[in-house]
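Visitor: Here it is, the structure, as structure tokens.
The values are calculated or read from the model by the stated rules, or taken from the named source; none is laboratory data. Note that this is a predicted model, so its numbers are computed, not measured. Methodologically, a virtual Cβ is constructed for each residue, glycine included, from the backbone with ideal geometry; neighbour enumeration extends over all protein chains shown.
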Amino acid sequence: MTFRADLHCHTTCSDGSKSPQEIIELAALTLQGLSITDHDSIKAYDSVLPLAKSAGLLLISGIEFSSMHLGTSIHVLGYAFDLQSEFIHNLCQRHVQRRKERNLGILELLTKKNVPISEDDLIAANPLLKDKEQHTIGRPHIAKAMMMKGYVETIQEAFQRYLAENACCYVSGTPISTQETIDTIHEANGFAVIAHPHLIGNARAVKQLLEMNFDGIESYYAKLSFNQERKWIDIACKKGWLITGGSDFHGDFKPQIPLGCSWTTEETFRKLYERFQSNNQQFPLENFV
Ligand code: AMP
Ligand code: ZN
Ligand code: FE
Ligand code: FE
């Protein structure tokens, strides 16, 4: 059986529709390895380590940090870091504040465009958000509320018309730089990986990212064709960086993408797992044999 580790998925702790527990159960059916990479949050790891161990699933710490370089939004994946690192916790806290301000900014712009969304609308469309502290609130939650109010037919349409980076109601909030994000992951003894590089529209930004001290490139992604993946695999090989892969599973928020449709090889995952174990010895972890 081919070894498969999906290193990119989202739970209800950010903009996924499955709970951390459900993701572990689903992953254990078809995968050997997993990392949960919620946006700017590691809350899922409060509960999943014992579940993964009892399901025989190799799980490593993960996060997808939002960052900014040359005015372009850059997602940075962090892996195998110390789950108790103050550096990671502090950066997550700064994102909580950034998101509070930017989400209010987005809602204000939507009101100006005559498609108002209230906090009650957000919660009606995303009932789990009632417990605010436990969830990273992002644009997909706003898009879902817009759909439920009948302003748009699909989440995709909400992004195209209002919420995408180049659309009329986009707000980034106080940016946190990509370099600072890499440094934070390194301070927590983790690996910093460029997420879905093909989605970065700014070629100058991509060129500069490739000169930074990243440790890897997410080269296998969702349902990309091998021709599209090959470019990033070649770059990672030349640099001696890790070649990672994952589905970017969001459940109902992106129903066309199943968990495990892209994955990381056993050889690469082993390096990540060894680092994860050495950083997190206080937790009961599955052995990689
Ligand atoms: P946020 O963290 O609030 O900036 O939202 C980022 C998330 O929005 C991404 O991880 C995707 O899940 C989703 N997203 C971004 N762009 C689009 C798009 N054009 N269509 C649908 N979903 C998108
Ligand atoms: Zn997302
Ligand atoms: Fe992303
Ligand atoms: Fe993602």
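Visitor: If I ask for residues that are crowded, with 18+ Cβ neighbours inside 10 Å, assigned to a helix (DSSP H, G or I) and within 16 Å of ligand 1 (Cβ to nearest atom), which ones from region 216-264 would you list?
Guide: Gly251, Phe253 - these are the residues of region 216-264 that are crowded, with 18+ Cβ neighbours inside 10 Å, assigned to a helix (DSSP H, G or I) and within 16 Å of ligand 1 (Cβ to nearest atom).
Visitor: Follow-up. Identify all residues within region 66-89 that are touching a helix residue (DSSP H, G or I) at 6+ places or on another chain (Cβ under 6 Å) and under 15 Å from Lys207 (Cα atoms); write none if there are none.
Guide: Passing the criteria: His69, Leu70, Thr72, Ile74.
Visitor: Which residue pairs have Cβ atoms closer than 9 Å, lie 6 or more positions apart in sequence or on different chains, and pair a first residue in region 24-49 that is under 17 Å from Thr264 (Cβ atoms) with a second residue that is of a type in the set (Asp, Glu) and away from ligand 4 (no atom under 16 Å from the Cβ)?
Guide: Hits for this filter: Gln32/Glu266; Gly33/Glu266.
Visitor: So for region 202-217 (the condition being at pLDDT 95 or above, under 19 Å from the mean Cα position of the chain (by Cα) and farther than 16 Å from Gly62 by Cβ), does at least one residue qualify?
Guide: Checked region 202-217: at least one residue is at pLDDT 95 or above, under 19 Å from the mean Cα position of the chain (by Cα) and farther than 16 Å from Gly62 by Cβ.
Visitor: Further question: Can you confirm whether Val193 is under 26 Å from His89 (Cα atoms), surrounded by fewer than 16 Cβ atoms within 10 Å (Cβ to Cβ) and either within 16 Å of ligand 2 (Cβ to nearest atom) or in contact (Cβ under 8 Å) with a residue 60 or more places away in the chain (or both)?
Guide: Spelling it out, it is not the case that Val193 is under 26 Å from His89 (Cα atoms), surrounded by fewer than 16 Cβ atoms within 10 Å (Cβ to Cβ) and either within 16 Å of ligand 2 (Cβ to nearest atom) or in contact (Cβ under 8 Å) with a residue 60 or more places away in the chain (or both).
Visitor: Do we have any residue at all in region 39-47 that's in a helix (DSSP H, G or I), modelled with pLDDT of 95 or more and over 26 Å from Ala125 (Cβ atoms)?
Guide: yes
Visitor: Six or more apart or on different chains, Cβ atoms under 7 Å: show the pairs whose first residue is in region 252-278 and touching a residue at least 60 places away in the same chain (Cβ under 8 Å) and whose second is β-branched (Val, Ile, Thr) and assigned to a helix (DSSP H, G or I).
Guide: The qualifying pairs are Phe253/Ile155; Gly260/Thr30.
Visitor: Looking at region 192-249, which of its residues are out of contact with any strand residue (DSSP E or B) (no Cβ under 6 Å at 6 or more places or on another chain) and of a type in the set (S, T, N, Q)?
Guide: Residues satisfying the conditions are Gln208, Asn213, Ser225, Asn227, Gln228.
Visitor: So, one more: Would you point out the residue of region 22-57, among those that are touching a Ser or Thr at 6+ places or on another chain (Cβ under 9 Å) and of a type in the set (D, E, K, R), that is farthest from Ile176 (Cα to Cα)?
Guide: Here the residue is Glu22.
Visitor: If you don't mind, another one. Just to be sure I understand, how many residues within region 232-245 are of a type in the set (Lys, Arg) and in contact (Cβ under 8 Å) with a residue 12 or more places away in the chain?
Guide: 1
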